[in-house]
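Asker: Have a look at the structure that comes next, please.
The values are calculated or read from the model by the stated rules, or taken from the named source; none is laboratory data. It should be emphasised that the depicted structure is a prediction, and the values quoted were computed from it without experimental measurement. When we count neighbours, we look across all protein chains shown, and the Cβ atoms used for this are built from the backbone with ideal geometry, even at glycine. Just the protein is used for accessible areas: all its heavy atoms, side chains included, with ligands, DNA and RNA removed. Shrake-Rupley method; radii C 1.70, N 1.55, O 1.52, S 1.80 Å.
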Amino acid sequence: MSYSIRRPAAHHAQPSSFHAGTSDTPANAARAWAVEGFNVGIWELNPVTNELYWSKRARELLGVAPDVPEDWDLGWSAIHPDDRGWIPAALDRAMDPLGDGHYHVDFRIVHPDGRIVWVDSRARAVFKETPEGRRAVGLFGAMLDITERKQAEADVRQSEAHFHALADLVPDLLWSNNVRAKSEWYNQRWFEYTAQTSEEARGDGWLEVIHPDDRETVLRNLHIAVERGAPLRHEHRIRRSDGVYRWFLVQVRPVRDEQGQISSWYGAATDIHEERMARIAAEQARAEAEAAVHVRDQFLSMASHELRTPLTALSGYAYVLGTVAQSSAGEIPKLTDTITRQVERLTRLIDRLLDISRLQQGQLVIERHPVDIVALAATTVADFRATLPATSSHTVELRCPAGHVLIEGDADRLEEVLFNLLSNAVKYSPEGGPVHVVIGRSAAEAIVEVQDQGIGIPVDAQPHVFAAFYRARNGRAQAPGFGLGLHIVGEIVQRHNGRIEVDSAEGVGSTFRVLLPLLDTAR
Ligand code: ADP
């Protein structure tokens with residue numbers, strides 16, 4: 001059927017309940033008011049005469065100027081060319097005797113000034129039984145201006161298009177879920193990374209690319225987030241197109257509508273694989289290191305104590321044996337002497353290990369009493385000379401200022417410091433190399449110097465000599481040792497709020513200088 005959209009000529013007009021233009025009776029006047037009082041355009045089609053009636057508002061919507069005569073012919077030209085096609089078909093369907101009589105189309109009208117008006121046009125057909133059968137005798141319709149709504153929808157579509165274009169540029173995987181956490185949209189990166197198709201990913205399809213070991217936790221966390229309506233942040237693995245799983249930081253947060261109701265969820269997954277691997281490796285390394293330190297500390301303290309006891313007995317018996325052997329002939333005195341020296345060596349090692357173990361466990365207690373460094377140096381040097389083998393040709397000279405040099409500290413520990421420095425001076429000097437101990441003072445410090453003319457310390461080794469177990473390469477070649485003495489010396493000096501310095505030149509000699517704060521009253 002074809003329709004001419006035409007206002008019926010006045011003489012053809014049939015009185016109708018919708019004819020707002022007719023106000024001949026009070027009832028019709030009221031109807032006219034009702035029809036024109038709202039923003040709705042009313043129209044009526046008589047399929048028998050093919051005539052159309054338009055209300056005033058309908059004419060406005062159609063862009064017909066008020067001065068256009070009543071029987072103007074709208075023609076199809078006012079309808080936007082893209083929308084013309086389906087209006088006649090929709091009208092036919094509405095008036096199909098076998099159909100439900102409904103008509104509903106949204107279409108655009110091009111006004112004479114070029115403005116485009118969107119209308120929502122709906123109608124209902126009225127059927128009548130005739131001798132020829134059931135047929136439509138009228139179509140009663142209403143039109144509403146929906147330009148603003150359509151514009152808003154177009155704006156939303158446009159901003160969505162912008163959002164999607166932007167989202168496709170992001171290196172992260174992005175998606176949106178509906179209120180029940182079913183996925184509705186993914187950015188391009190998701191499809192590239194997972195190699196899923198949009199059909200595979202939709203709904204719960206994303207679960208398929210989550211690492212099987214992580215799925216339960218992921219679902220549980222999501223469930224809790226949805227229950228609470230709270231954002232979620234967790235890490236899990238997502239399968240890459242080549243089947244490799246990589247770690248992602250996944251953040252999901254709810255989007256709320258104007259009423260504050262959650263309307264959807266947005267998610268973003270950032271690849272943190274390398275970072276997480278490095279973190280795990282670092283945590284492992286730290287745990288292993290801590291375990292190793294713990295084992296070492298335990299071993300040190302246990303071994304030192306356990307070794308000390310039998311050694312004390314051994315050294316006692318070696319001494320007795322030595323005295324008895326004095327009168328014996330042959331190799332025996334030499335052998336007992338060797339035993340004594342080895343026992344002493346072991347005792348020294350164990351004492352140092354014990355010191356280190358105490359240092360590490362914070363058990364190295366420094367007693368604080370006034371100490372005269374001059375007197376302390378005199379006794380220590382004397383004691384040290386006594387330990388030198390009778391055959392040794394080393395000389396140890398002591399030079400002191402007149403009077404006392406008082407500091408506050410632990411005399412036993414300070415003796416240990418000087419003793420260690422003297423031992424090194426002799427150990428790292430050629431036979432007969434002289435050693436000097438020089439005591440001095442500055443305005444605020446007592447100064448203890450141990451000078452030798454030995455092998456010296458290479459420049460590159462000098463910064464490390466106070467580290468535990470460190471030995472310079474020329475030192476290793478010269479004499480056996482453990483690399484612990486200077487470490488302990490450094491720690492003791494530091495606990496006296498003092499400093500230790502070394503001046504050394506390879507092949508020339510070394511000077512170790514200990515500086516300790518003077519006791520206030522002595523200044
Ligand atoms: P050890 O003497 O048992 O090796 P130390 O901690 O006492 O351990 O000394 C650390 C290293 O510093 C030595 O191995 C040696 O290389 C160097 N060193 C220490 N004192 C001297 C010195 N007076 N002359 C030359 N080198 C020294």
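Asker: Give the residues of region 147-174 that are of a type in the set (A, V, I, L, M, F, W, C), touching a residue at least 24 places away in the same chain (Cβ under 8 Å) and out of contact with any helix residue (DSSP H, G or I) (no Cβ under 9 Å at 6 or more places or on another chain), sorted by residue number.
Answerer: Of everything in region 147-174, nothing turns out to be of a type in the set (A, V, I, L, M, F, W, C), touching a residue at least 24 places away in the same chain (Cβ under 8 Å) and out of contact with any helix residue (DSSP H, G or I) (no Cβ under 9 Å at 6 or more places or on another chain).
Asker: How about region 360-393: which of its residues are touching a residue at least 60 places away in the same chain (Cβ under 8 Å) and open to solvent by 60 Å² or more (accessible area, probe 1.4 Å)? Give the derivation first.
Answerer: Initially, region 360-393 is screened for residues touching a residue at least 60 places away in the same chain (Cβ under 8 Å), giving 360-361, 364, 366, 370, 373-374, 377.
Those that are touching a residue at least 60 places away in the same chain (Cβ under 8 Å) and open to solvent by 60 Å² or more (accessible area, probe 1.4 Å): Q360, Q361, P370.
Asker: Which residues, taken from region 482-506, are touching a residue at least 60 places away in the same chain (Cβ under 8 Å) and either more than 22 Å from H436 (Cβ to Cβ) or more than 7 Å from the ligand (Cβ to nearest atom) (or both)?
Answerer: F482, L484, H487, I488, V489, E491, I492, V493, R495, H496
Asker: Please work out if A446 is near the ligand (Cβ under 8 Å from one of its atoms) and either of a type in the set (S, T, Y) or open to solvent by less than 20 Å² (accessible area, probe 1.4 Å) (or both). Walk me through how you get there before you give the answer.
Answerer: On the way: near the ligand (Cβ under 8 Å from one of its atoms): no; either of a type in the set (S, T, Y) or open to solvent by less than 20 Å² (accessible area, probe 1.4 Å) (or both): yes.
When the stated conditions are applied, A446 does not pass them.
Asker: Just to be sure before I move on: is G362 at positive phi and either within 16 Å of the ligand (Cβ to nearest atom) or not basic (K, R) (or both) in the structure I sent?
Answerer: Considered against the rule, which asks whether it is at positive phi and either within 16 Å of the ligand (Cβ to nearest atom) or not basic (K, R) (or both), G362 comes out as yes.
Asker: Another question about this same structure. Filter region 394-414 down to the residues that are more than 16 Å from the ligand (Cβ to nearest atom) and open to solvent by 60 Å² or more (accessible area, probe 1.4 Å), then identify the one that is farthest from E344 (Cα to Cα).
Answerer: A402
Asker: Please verify whether region 466-481 includes one or more residues that are crowded, with 16+ Cβ neighbours inside 10 Å and more than 11 Å from the ligand (Cβ to nearest atom).
Answerer: No: region 466-481 contains no residue that is crowded, with 16+ Cβ neighbours inside 10 Å and more than 11 Å from the ligand (Cβ to nearest atom).
Asker: Hey, among T309, T347, which residue is without any contact (Cβ under 8 Å) to a residue 60 or more places away in the chain, over 20 Å from P389 (Cα atoms) and assigned to a helix (DSSP H, G or I)?
Answerer: Working: T347 fails: over 20 Å from P389 (Cα atoms).
Unique residue meeting the criteria: T309.
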